[in-house]
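Comments concern the structure below.
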Amino acid sequence: MLQRGELTAVYVVQNGRFVLRPVRTGASLGKDVEVLAGLRPGDRVATDPVTAGLAGAVPAAQ
């Protein structure tokens with residue numbers, strides 16, 4: 001998860017690349033954060049937003 005001012009976003013895999021997508025979050029439970037809006041069932045979310053945000057970064061094959 002990435003915080004930039006008031007924007008909360010995550011990198012998701014789209015067409016073999018990482019795309020930054022804004023999300024609305026809810027409660028935090030330890031390291032877990034509830035996502036209320038912005039993701040769809042089956043979305044693959046990057047666990048390391050710094051690496052995902054690098055130019056040319058591509059997701060690992062699943």
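No lab work stands behind these numbers, since they all come straight from the coordinates. Keep in mind it's a predicted model, so treat the numbers as computed, not measured. Neighbour counts are summed over all protein chains in view; Cβ atoms, including those assigned to glycine, are modelled from backbone coordinates with ideal geometry.
Quote the charge dipole size of region 2-52 about the Cα centre in Debye, to the nearest 20; the model charges only the Cβ of Lys and Arg (+1) and of Asp and Glu (-1). Spell out each step's value before the answer.
Numbers: 7 positive and 5 negative charges, 35 e Å.
With only Lys, Arg, Asp and Glu charged at Cβ, the dipole is about 160 debye.
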Shape box of the chain [Cα atoms, principal axes, largest first, Å]:
31, 26, 19
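Per 0.36 nm of contour for each residue apart, how much would the distance between Gln14 and Asp32 grow if the chain were fully extended, relative to their Cα-Cα spacing?
Values: separation 18, 0.36 × 18 = 6.48 nm, distance 2.29 nm.
The span from Gln14 to Asp32 would gain 4.2 nm if fully extended.
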Long-range amide H contacts for Thr25: which residues qualify at under 5 Å (H placed 1.01 Å from N, peptide plane, sequence gap of 5 or more or a different chain)?
Leu36
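Give me the percent relative contact order of the chain, please, defined on Cα pairs under 8 angstrom at least 6 residues apart.
Values: 89 pairs, mean separation 19.8, N = 62.
Result for the chain is 32 percent.
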Listed highest first by mean packing, meaning other Cβ atoms within 10 Å per residue, what order do 46-54, 9-17 come in?
9-17, 46-54
